[in-house]
Amino acid sequence: MQKNNVPYGSDVSAGTYACADCGRQYSNQSKSSLPPCPDFTPSTHLINGWNILTGQGDAVQDPYPETTETLAATNQAVVTRPASKD
């Protein structure tokens, strides 16, 4: 089952995505992690994710980016997202 939106930092396939908060489109030509929206502002971007327009979207085996807890040993900062109820 494909998700309607995927959080920033999710590993996704090539495709076109629209910001879930403002609608800005982003095209990803190869498998990579989705960046935050270039128009991100904390007051207007509350969902912090992308809607899938074309492509496979987020992999079922890797549904969300790694959490801060799992990356603590590598000193990388990542925003933790709650699990979806899908």
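The values are calculated or read from the model by the stated rules, or taken from the named source; none is laboratory data. Because the structure is predicted, anything quoted here is derived from the model rather than measured. Glycine gets a Cβ as well: all are built from the backbone with ideal geometry, and neighbour counts include every protein chain shown.
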request  = Six or more apart or on different chains, Cβ under 7 Å: which pairs go from a residue in region 42-61 that's small (Gly, Ala, Ser) to one that's at pLDDT 95 or above? Could you list them?
outcome  = 49/20
inquiry  = Given the options 72, 18, 83, name the one that is assigned to a strand (DSSP E or B) and either small (Gly, Ala, Ser) or modelled with pLDDT under 60 (or both).
reply    = 18
ask   = Out of all the residues in region 24-33, is one or more at pLDDT 90 or above and part of a loop (DSSP other than H, G, I, E, B)?
value = yes
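For region 1-12, which residues satisfy the criterion of being in a loop (DSSP other than H, G, I, E, B) and modelled with pLDDT under 85?
Those that are in a loop (DSSP other than H, G, I, E, B) and modelled with pLDDT under 85: 1, 2, 3, 4.
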task = Please name all residue pairs, on different chains or six or more residues apart, with Cβ atoms under 6 Å, provided the first residue is in region 20-31 and is without any contact (Cβ under 8 Å) to a residue 40 or more places away in the chain and the second residue is surrounded by 13 or more Cβ atoms within 10 Å (Cβ to Cβ) and in a loop (DSSP other than H, G, I, E, B).
result = 20/47; 21/45; 21/47; 24/37; 28/14; 29/14; 30/14; 31/13
request  = Those residues that are farther than 15 Å from residue 54 by Cβ and loosely packed, with under 15 Cβ neighbours inside 10 Å, I need them from region 1-22; list them, please.
outcome  = 1, 22
ask   = Does any residue of region 41-59 turn out to be in contact with an Asp or Glu (Cβ under 8 Å, 6 or more places away or on another chain) and at pLDDT below 90?
value = yes
